[in-house]
Amino acid sequence: MNRINQLFKDKQNSILSIYFTAGHPEMGTTKLIIEELEKNEVDMIEIGIPFSDPLADGPVIQQSSQKALENGMTLKKLLAEIKDIRHKVKIPLLLMGYFNTVFQYGVEAFCSDIKSIGIDGVILPDMPIKVYEAKYQKIFEKYGIIPVFLITPETSEERIRKIDKLSKGFIYMVSSSSTTGIKNKLDEKSIVYFKRIKEMNLKNQLIAGFGISNKETFDEICKYANGGIIGSAFVKAIETGENLLSQIKRFIATIKY
Amino acid sequence: MKYSVNKTGYYGNFGGAYIPELLYPNVKNLEENYMKIINSASFQKEFLALLKDYVGRPSPLYYSKRLSDKYHINLYLKREDLNHTGSHKINNTIGQILIAKHLGKKRIIAETGAGQHGVATATVCAREGLDCIIFMGETDVLRQKPNVEKMQMLGATVVPVKSGNKTLKDATNEAIRDWINHPSETHYIIGSVVGPHPYPDMVTQFQSVISEEIKKQLEEQTGSENPDTIIACVGGGSNAIGAFYHYLEDENVKLIAVEADGLGLETGETAATIAIGKPGIIHGSKTMLMQTDDGQIVEPYSISAGLDYPGIGPIHAHLFETDRVEFIRATDDEALKAALELTQMEGIIPALETAHALAALKKIKFKKGETVVINISGRGDKDMETYRNYLAKINEKPSEERLFIGMYSVPTSNIHGADTNVNGLFVP
């Protein structure tokens with residue numbers, strides 16, 4: 001069983017997922033960050049593939065992405081660095097990024113290479129669902145890679161049903177209409193939307209992201225979703241690169257306890 | 001039509017809507033409604049009246065006698081520079097502001113490079129009384145100051161974009177992010193035939209008035225509506241597609257698009273996307289793209305802010321792939337020379353973007369007496385500082401070199417009109 005499905009089988013509440021950008025704050029930290037996150041009992045990790053033009057991201061992730069590219073990070077180097085990650089790390093790992101880097105790598109080569117590393121899923125927010133169905137679904141399924149799609153407060157019910165059908169693990173529920181790291185509160189509108197989605201009884205688990213930055217917002221989101229993803233707040237917490245491991249430990253502790 | 005967008009938003013292998021889910025409802029809403037709105041009688045009536053009475057269309061098709069004689073062709077200039085706001089950009093902003101009104105949007109955002117699209121957007125927003133926010137790379141804010149001042153006077157907020165190379169690509173990123181953050185009340189007026197479907201098709205339709213007029217005007221002036229060749233500059237490609245559109249099916253009309261080559265392909269300091277790009281995704285569409293092997297978008301370079309873009313409209317990628325349009329390049333230097341040539345031989349100061357199209361005159365082997373149309377996409381007011389610096393530089397060079405580069409230049413004092421002792425005429 002794919003590790004993502006295994007996780008959701010074992011745990012349905014308060015799933016903590018962390019996003020960070022590979023190659024930031026420095027080259028050679030990707031593997032360390034993953035290992036330290038697991039040690040601190042994070043449930044799942046999204047490893048960000050840096051991209052020059054991250055359209056859906058706010059300033060924090062934009063800057064981390066730019067820094068990572070200046071540091072020399074590429075998708076190839078990223079995969080080389082985490083080649084042996086499964087020797088130690090057991091929790092689900094996903095890659096998240098923009099479609100163009102994967103498209104240039106070659107979608108089949110990408111799925112094949114990440115499968116052999118032990119990556120469980122992929123989040124590519126700008127890969128259209130239609131294109132996925134027409135061209136890439138077969139490839140993802142051949143290698144057992146779980147694609148994760150996003151829904152937002154503006155996504156129609158019909159489309160959410162379609163996304164639910166296409167998804168094989170969880171749906172990424174974007175908490176509000178914004179780029180990443182812009183809002184650090186969940187407003188009433190978001191809550192109404194979470195309730196609406198919860199009542200739809202979708203077959204997939206729901207993991208919320210965007211606007212979850214601390215214990216308060218994480219606990220709030222876990223009332224409506226199976227868990228939450230923290231990205232910008234974590235990226236910011238480790239941006240200086242100083243005392244990296246203790247910064248990670250401290251940040252996760254503030255969310256959990 | 002063979003070169004039109006298909007039902008799923010593609011031109012051959014290019015196009016589509018590669019957008020995050022956050023943009024999906026807005027883009028879908030536009031896709032479902034734009035043709036209905038454009039085809040409605042009320043839209044057509046208002047659009048055509050504004051093009052005529054507000055923009056000043058049809059723009060003239062002018063026979064350039066001196067350049068015709070020089071190049072042994074019959075050269076016609078399509079004078080989009082004479083439009084209100086000084087370029088072809090207003091054809092599109094008039095259309096899109098009416099679409100925004102039909103969709104009930106109250107807030108308008110746009111990106112701009114040279115500032116021509118920003119001014120054209122701020123203009124139509126002022127006319128409709130709508131809020132207007134223009135995203136402009138910080139580099140471009142500095143090099144296109146007169147246009148920034150115009151936008152501000154028109155009531156727009158100009159947001160200098162500090163990310164990336166601080167030019168057109170980054171301004172577009174920031175406009176898209178703004179749209180993600182303000183989805184319900186905002187319409188994004190994209191300025192070129194780029195972006196997710198339906199933008200490339202919508203902008204193409206609004207700009208196609210250029211070739212529609214060329215057909216009529218050429219028929220009146222020459223008895224035939226088809227020239228042998230049409231030339232236009234291409235960045236995103238809106239003026240080029242406007243000039244080509246109604247000729248796409250007339251396969252014996254040669255269509256030439258001129259890309260900005262900056263300091264030259266071999267230096268890497270270029271914006272010639274077709275020449276060095278590969279298929280990829282930028283700003284929501286699959287097209288030719290300047291990028292690294294890792295799929296990172298490369299920062300382009302051109303002296304012309306309006307052509308300084310690492311992508312190209314998907315319709316142009318398709319016209320390139322199907323060999324319908326020939327793509328050539330002109331460097332900064334070639335464009336500057338061509339701008340000076342048109343200025344001194346016809347009394348028309350072109351925009352730096354347009355100057356790239358004019359540079360093609362020296363690069364193409366024409367048949368003697370063939371009919372050529374060049375789209376004069378914009379006027380050069382905004383580029384006076386660049387031109388002034390260029391003229392000053394020429395005058396520093398020794399006279400042999402002046403002859404060598406093929407143009408006579410008067411001493412600086414004459415350029416500024418202080419001295420009438422002009423000791424020579426322009427020697428082409």
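The values are calculated or read from the model by the stated rules, or taken from the named source; none is laboratory data. All values derive from a computational prediction rather than experimental measurement. All Cβ positions, even for glycine, are placed from backbone atoms using ideal geometry, and neighbour counts span all protein chains on display. These accessible areas exclude ligands, DNA and RNA; they are computed on the full protein's heavy atoms, side chains included. Shrake-Rupley method; radii C 1.70, N 1.55, O 1.52, S 1.80 Å.
To keep it simple, each residue is scored yes or no on (1) over 11 Å from B:His197 (Cα atoms); (2) open to solvent by less than 60 Å² (accessible area, probe 1.4 Å); (3) among the aromatic types (Phe, Trp, Tyr).
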{"position": "B:Met1", "(1), (2), (3)": "yes, no, no"}
{"position": "B:Asn6", "(1), (2), (3)": "no, no, no"}
{"position": "B:Phe14", "(1), (2), (3)": "no, yes, yes"}
{"position": "B:Ile19", "(1), (2), (3)": "no, yes, no"}
{"position": "B:Leu23", "(1), (2), (3)": "yes, yes, no"}
{"position": "B:Lys28", "(1), (2), (3)": "no, yes, no"}
{"position": "B:Lys36", "(1), (2), (3)": "yes, no, no"}
{"position": "B:Asn39", "(1), (2), (3)": "yes, no, no"}
{"position": "B:Ser42", "(1), (2), (3)": "yes, no, no"}
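Of all residues in the stretch A:210-233, those that are aromatic (Phe, Trp, Tyr) and surrounded by fewer than 24 Cβ atoms within 10 Å (Cβ to Cβ) total 2. Of the listed requirements (1) closer than 16 Å to B:Val373 by Cα; (2) among the basic types (Lys, Arg); (3) surrounded by 17 or more Cβ atoms within 10 Å (Cβ to Cβ), B:Arg66 misses just one: (3). Looking only at the stretch A:89-109, count how many residues are open to solvent by less than 10 Å² (accessible area, probe 1.4 Å), more than 15 Å from A:Tyr136 (Cβ to Cβ) and hydrophobic (A, V, I, L, M, F, W, C). Final tally of qualifying residues: 3.
Output the helices (runs of 4 or more DSSP H) that fall wholly within the stretch A:48-107 and possess 2 or more residues being away from every other protein chain (no Cβ under 11 Å) and in contact (Cβ under 8 Å) with a residue 24 or more places away in the chain, or say none.
So the answer is A:59-70, A:75-81.
Mind checking which residues of the stretch B:268-288 are within 16 Å of B:Arg329 (Cα to Cα) and open to solvent by less than 10 Å² (accessible area, probe 1.4 Å)?
Across the stretch B:268-288, the qualifying residues are B:Thr270, B:Ala271, B:Ala272, B:Thr273.
Here B:Gly129 fulfils each of the conditions (1) over 18 Å from the mean Cα position of the chain (by Cα); (2) within 14 Å of another protein chain (Cβ to nearest Cβ); (3) on the phi > 0 side of the Ramachandran plot apart from (2).
Return the residues of the stretch B:152-166 that are of a type in the set (Val, Ile, Thr) and within 17 Å of A:Pro54 (Cβ to Cβ); say none if nothing qualifies. Within the stretch B:152-166, just B:Val161 meets the criteria.
Scanning the stretch B:343-368 for residues that are polar (S, T, N, Q) and open to solvent by 10 Å² or more (accessible area, probe 1.4 Å) turns up B:Thr343, B:Gln344. Out of all the residues in the stretch A:66-76, is one or more at pLDDT 95 or above, open to solvent by less than 30 Å² (accessible area, probe 1.4 Å), closer than 20 Å to B:Asn165 by Cα and more than 18 Å from the chain's Cα centre (by Cα)? Yes: the stretch A:66-76 contains one or more residues that are at pLDDT 95 or above, open to solvent by less than 30 Å² (accessible area, probe 1.4 Å), closer than 20 Å to B:Asn165 by Cα and more than 18 Å from the chain's Cα centre (by Cα).
The single residue among A:Glu154, A:Glu158, A:Glu188 that is farther than 26 Å from A:Thr21 by Cα and at pLDDT 95 or above turns out to be A:Glu158. Of all residues in the stretch A:133-154, those being touching a Pro at 6+ places or on another chain (Cβ under 7 Å) and within 11 Å of chain B (Cβ to nearest Cβ) number 2.
Within the stretch B:170-192, residues that are under 28 Å from B:Ala240 (Cα atoms) have Cβ atoms under 6 Å from residues that are open to solvent by 10 Å² or more (accessible area, probe 1.4 Å) and acidic (Asp, Glu) in these pairs: B:Ala171/B:Glu111; B:Thr172/B:Glu111; B:Ala175/B:Glu111, counting only partners at least 6 apart in sequence or on another chain.
Every condition in (1) buried (at least 24 other Cβ atoms within 10 Å of the Cβ); (2) assigned to a helix (DSSP H, G or I) holds for B:Glu385 except the one numbered (1). Could you list, in sequence order, the residues of the stretch A:150-168 that are open to solvent by 10 Å² or more (accessible area, probe 1.4 Å) and either of a type in the set (Lys, Arg) or in a loop (DSSP other than H, G, I, E, B) (or both)? A:Pro153, A:Glu154, A:Ser156, A:Arg159, A:Arg161, A:Lys162, A:Lys165, A:Lys168 - these are the residues of the stretch A:150-168 that are open to solvent by 10 Å² or more (accessible area, probe 1.4 Å) and either of a type in the set (Lys, Arg) or in a loop (DSSP other than H, G, I, E, B) (or both).
If you go through the stretch B:7-30 and keep only what is assigned to a loop (DSSP other than H, G, I, E, B), touching a helix residue (DSSP H, G or I) at 6+ places or on another chain (Cβ under 8 Å) and more than 8 Å from chain A (Cβ to nearest Cβ), you end up with B:Gly9, B:Gly12, B:Asn13. Once the stretch A:9-47 is narrowed to residues that are assigned to a helix (DSSP H, G or I) and open to solvent by 10 Å² or more (accessible area, probe 1.4 Å), the residue that is farthest from the other protein chains (Cβ to nearest Cβ) is A:Lys39. Filter the stretch B:208-259 down to the residues that are free of Cβ contacts under 8 Å to residues at least 12 places away in the same chain and of a type in the set (D, E, K, R), then identify the one that is nearest to B:Ile274 (Cα to Cα). My answer is B:Glu225.
Looking across the stretch B:281-333, the residues that are within 19 Å of A:Val102 (Cβ to Cβ) and hydroxyl-bearing (Ser, Thr, Tyr) come down to B:Ser285, B:Thr287, B:Thr292. Scanning the stretch A:179-192 for residues that are of a type outside the set (A, V, I, L, M, F, W, C) and either over 16 Å from B:Ile180 (Cβ atoms) or part of a loop (DSSP other than H, G, I, E, B) (or both) turns up A:Thr179, A:Thr180, A:Gly181, A:Lys183, A:Asn184, A:Lys185, A:Asp187, A:Glu188.
Are any residues in the stretch B:146-183 open to solvent by less than 30 Å² (accessible area, probe 1.4 Å) and not aliphatic (A, V, I, L, M), and if so, which ones? If the condition is that a residue be open to solvent by less than 30 Å² (accessible area, probe 1.4 Å) and not aliphatic (A, V, I, L, M), then B:Asn147, B:Ser163, B:Thr167, B:Lys169, B:Asp170, B:Thr172, B:Asn173, B:Arg177, B:Asp178, B:Trp179, B:Pro183 are the ones that fit.
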